[in-house]
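The values are calculated or read from the model by the stated rules, or taken from the named source; none is laboratory data. Remember, predicted model here, so these are calculated numbers, not experimental data. Note that we place each Cβ from the backbone using ideal geometry, even for glycine, and neighbour counts take in every protein chain shown.
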Amino acid sequence: MSQTDMQGRTQNRSTKDSPLVTDQGKTTISDEVVEKVAGTAAREVNGVHAMGGSTARALGTIKEKLSSSTGPSPSQGVSVEVGEKQAAIDLDLVVEFGTSIIQLANAVRRNVINRVEQMTGLEVTEVNITVNDVWLGEDDMPSSSEPRVE
């Protein structure tokens, strides 16, 4: 399997060579750890307003209000498949209006791959990104003022 390094050079990386499996033992990384790392890395990129589809964001808001947590769960909008040496990541994003979705997706993908590989030692095989919504600003939020009908 080949991989591109920071200078754009292609390197061959065998899945048999893993820093997680040594003569002294094996390190296992849980799905939840990879989800949190990937979600946090995606949120670091300017132009990402929120993570998750509308249902996930609504449930996250309710969960926030019921618990003492501040902000959405770092794994909201992230699903992963983690093997012994590799991980595949799916992200659901809400982007800010005016942001180039193509450039944002590429930046998110790069940041997620770098963070997950550096922090876990897992090879990231793919990062699939779904843009579920565009945030238009405060006017995009549902109004809790007077009802429009009686």
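A count restricted to segment 84-112 and to residues that are aliphatic (A, V, I, L, M) and closer than 15 Å to Asp31 by Cα stands at 5.
Of the residues making up segment 87-124, those that are without any contact (Cβ under 8 Å) to a residue 12 or more places away in the chain and under 23 Å from Glu32 (Cα atoms) number 3.
Is it the case that segment 52-69 has a residue that's surrounded by 13 or more Cβ atoms within 10 Å (Cβ to Cβ), out of contact with any Phe, Trp or Tyr (no Cβ under 8 Å at 6 or more places or on another chain), of a type outside the set (Phe, Trp, Tyr) and at pLDDT 90 or above? Yes; the residues of segment 52-69 include at least one that is surrounded by 13 or more Cβ atoms within 10 Å (Cβ to Cβ), out of contact with any Phe, Trp or Tyr (no Cβ under 8 Å at 6 or more places or on another chain), of a type outside the set (Phe, Trp, Tyr) and at pLDDT 90 or above.
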